[in-house]
1. Right, Ser515: in a loop (DSSP other than H, G, I, E, B), among the polar types (S, T, N, Q), within 26 Å of the chain's Cα centre (by Cα) and at pLDDT 95 or above or not?
2. For the range 464-501, give me each residue that is out of contact with any Gly (no Cβ under 8 Å at 6 or more places or on another chain) and more than 30 Å from Phe423 (Cα to Cα).
3. Say we look at the range 374-387 and pick out the residues that are open to solvent by less than 30 Å² (accessible area, probe 1.4 Å) and free of Cβ contacts under 8 Å to residues at least 60 places away in the same chain; which of these is farthest from Arg527 (Cα to Cα)?
4. Every residue in the range 299-322 that is among the aliphatic types (A, V, I, L, M) and open to solvent by less than 30 Å² (accessible area, probe 1.4 Å), please.
5. One residue is enough: does the range 415-428 have a residue meeting the conditions among the polar types (S, T, N, Q), closer than 30 Å to Asn511 by Cα and open to solvent by 60 Å² or more (accessible area, probe 1.4 Å)?
6. Just for the range 346-358: of the residues that are of a type outside the set (S, T, N, Q) and over 17 Å from Trp316 (Cβ atoms), which one is most open to solvent (accessible area, probe 1.4 Å)?
7. Would you mind listing the strands (runs of 3 or more DSSP E) fully within the range 187-263 where at least 1 residues are open to solvent by 30 Å² or more (accessible area, probe 1.4 Å), under 28 Å from His341 (Cα atoms) and of a type in the set (Phe, Trp, Tyr)?
8. Out of Gly237, Gly256, Gly215, report the one residue that is of a type in the set (Gly, Ala, Ser) and farther than 20 Å from Phe147 by Cα.
Amino acid sequence: MQTLNLPLKRTAIAVWLFSQSFATGTVHADERESLEKLRATTTNLIELLVQEGVLSKQKADALLQKAAADAKASQDARHGTQQAELRDDVKNEVSKAMDEKTVRVQYIPQHVKQAMREEIEHDVMEKLNYKAGERLGVPEWIDRISFHGDIRLRGQADEFPGDNDDFQVLSADPTRAMNLNNSSEERRRARLRARLAADVHINDWLSGGIQFVTGQLTTPVTPNQTEGMAQGKYVFGLDRAFLQAKLTDWATVAGGRFGNPFMYTDMLWDPDLAFDGLAVSFTPKINSRWSSFTTIGAFPIEEVESSSINKAKDKWLYSAQTGLKWTADNKSSAKIAVAYHDFTHVEGRPNPVTGEGFYDDTAPSWRQRGNNTFDINEFNGGNTIIGLASKFELVNLMAQVDLMNFDPVHVTFTGDYVRNIGFDQQEILRRTGNLYKKENEAYNFRVDVGNNSFMGPYVQNVMPHEWQVSLGYKHIEADAVLDGFTDSNFRLGGTDAKGWYVYGNYAIDKNAWISGRYMSADTVSGRPFSVDVLLIDLNARF
């Protein structure tokens, strides 16, 4: 038995070694060579046992085949286990990377998806155009200029009630000259506005822009051109030309002629009013929810060439506004701002009784109607020249709450209050000889419901079937704000006005929408002059 056990043990060891030598598919390269040697040694050992008669040739072949099959099965099992472990490891690493790098969004509104798609397309096309420019030899600066514009076709109806004073009486009163040509006859007009602008990217910190617009050269607040073949060519003038420097991520400086840099409503500033001068804006972020904004600026209103026979001074506006913004997790927000606007040398000064026109240029040529006024030549018997009675130093408080609970529908509440602290009844009496009632406050309240694509003077990226409706009320006393810069549509422009307004917008297609506005305004304290204004617009942006 002992002589038989030794060959059997050798046989068993040889078969086990042979089976292990077949499982080389899962080992490292540095172990593969030694295993190949082991396989060869084991095969030689089995052949030697056959030669010595311990194993028959058939049994040896069967052992070799079985060992190879077992080794393959073991290899497949280990390979499957390793593949499963590898897949699990990959899944874990991918999940970890996604958790670290990915912002999870439960729901993305359709209009946001569309905006993201358009932005990606724009970036891709910019890169393609740049490469095409390299191939075609197009100048590099072309890629740094982008053009945009819009056209608005308007139908306007002005309705006057029968109890208005005659326009000649309204305009002839020097204490509140209304600057009117009609106060009783209904008026229908076809009007249009066209704007063409270019934004210029100069380098990483400096940009700029220019804009041409239709309108009248004698007023700063309306770009509307009344249609009529007999008037010849439309006026198309330069309305924006500015440079803007980005000092930091939260500080910019703009100079030239640019859009309104402040948070505002049309109670104080007409949306089409351009600002000339210099504005510095700061928008530091306090934390993830709170941010602040501050703007200071100096803006020339009218340059006067003073001399020994012209004692009027340059008219300027010096302004500062600061505010806070809070943003919730669902993107609802609340803003509050306080501003101070100091208009210098805008008040009129009477000419001397000797007849010289020293102060003729204190009269504003850009006046609309509503402010208290007086005749600059009242004491010398000269031609009537209308000047402003009050000085204007405005304190403006504004708040806005934008609710996103029904995203993409916004529900926005806006409140605006202003007081002219420059109104001084006794100072006006000494300067003009007239006593005026103190009427120096104004307020505006408005509710907007719908998509916010229509907010602001420049509508952006309107998508089909977007909509918005608005309801508001204004009350603007005579000397609360400068009548020359307030909304040009409400009571046909100016102050001493109160009433309701309703707005509506609906997008009939991408970047094409219709809008309607109805404003019913009455006089606050002056002579009777009420107007109902209806505006129907077709707008297209490109």
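1. Judged against the criteria, Ser515 is not a match.
2. Across the range 464-501, the qualifying residues are Pro464, His465, Leu471.
3. Asn377
4. Val304, Ala312, Leu317
5. So far as the range 415-428 goes, no, none of its residues is among the polar types (S, T, N, Q), closer than 30 Å to Asn511 by Cα and open to solvent by 60 Å² or more (accessible area, probe 1.4 Å).
6. Quick first cut of the range 346-358, residues of a type outside the set (S, T, N, Q) only: 346-350, 352-353, 355-358.
Pick out the ones that are also over 17 Å from Trp316 (Cβ atoms) and you get 350, 352-353, 355-358.
On the way: Pro350: 31, Pro352: 39, Val353: 106, Gly355: 48, Glu356: 76, Gly357: 33, Phe358: 47 Å².
Among them, the one singled out is Val353.
7. Result: 206-214, 236-248.
8. Residue meeting the stated conditions: Gly215.
The values are calculated or read from the model by the stated rules, or taken from the named source; none is laboratory data. Please read all numbers here as calculations on a predicted model, not as lab measurements. Cβ: placed from backbone, ideal geometry, glycine included. Neighbour counts: every protein chain shown. Note: accessible area is taken over every heavy atom of the protein model, side chains too, but ligands, DNA and RNA are not part of it. Shrake-Rupley method; radii C 1.70, N 1.55, O 1.52, S 1.80 Å.
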